[in-house]
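The values are calculated or read from the model by the stated rules, or taken from the named source; none is laboratory data. Note that the structure is a prediction, hence the values are computed from the model and not measured. Note that each Cβ is placed from the backbone with ideal geometry, even for glycine, and that neighbours are counted across all protein chains shown. The area values use the complete protein model at the heavy-atom level, side chains included, leaving out ligands, DNA and RNA. Shrake-Rupley method; radii C 1.70, N 1.55, O 1.52, S 1.80 Å.
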Amino acid sequence: MGQAKQRGTLAQRVEQAQAKIEATRPEKLVCNHCSADVTQINPVSTRGLRGLEAIWVGQCECGHTTFAASGDPKAVEAFFFALSENTELMLGSQSKDGSQHETAE
């Protein structure tokens with residue numbers, strides 16, 4: 001029997017993968033531009049992005065997009081470096097619940 005079949009049916013494996021992604025969902029994002037809470041958060045596929053566990057994106061009412069990424073620190077750094085290649089990027093960090101937030105100067 002193949003390894004995938006040992007982990008359950010296709011539906012069970014999909015459910016397990018979705019639960020793993022949902023476990024990384026931040027309660028909210030804090031906009032790095034205006035510090036408002038961004039509660040509409042959507043997952044971004046990390047397929048093929050080695051070292052990244054999860055990426056989340058939210059659109060603030062001020063019009064700015066806020067990303068959150070988790071995984072290997074070097075992979076997260078590379079992800080944000082790639083984002084900054086064609087745009088001006090303001091970096092920040094926050095706790096999972098959004099209670100602690102600071103932007104890089």
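From the list 7, 13, the one residue that fits, being over 26 Å from residue 73 (Cα atoms), open to solvent by less than 70 Å² (accessible area, probe 1.4 Å), free of Cβ contacts under 8 Å to residues at least 12 places away in the same chain and touching a helix residue (DSSP H, G or I) at 6+ places or on another chain (Cβ under 8 Å), is 13. Taking every residue in segment 56-77 that is open to solvent by 50 Å² or more (accessible area, probe 1.4 Å) and pairing it with any residue that is small (Gly, Ala, Ser), at least 6 positions away or on another chain, the pairs with Cβ-Cβ distances below 6 Å are 72/51. Looking across segment 26-55, just one residue is surrounded by 15 or more Cβ atoms within 10 Å (Cβ to Cβ) and among the basic types (Lys, Arg), and that is 28.
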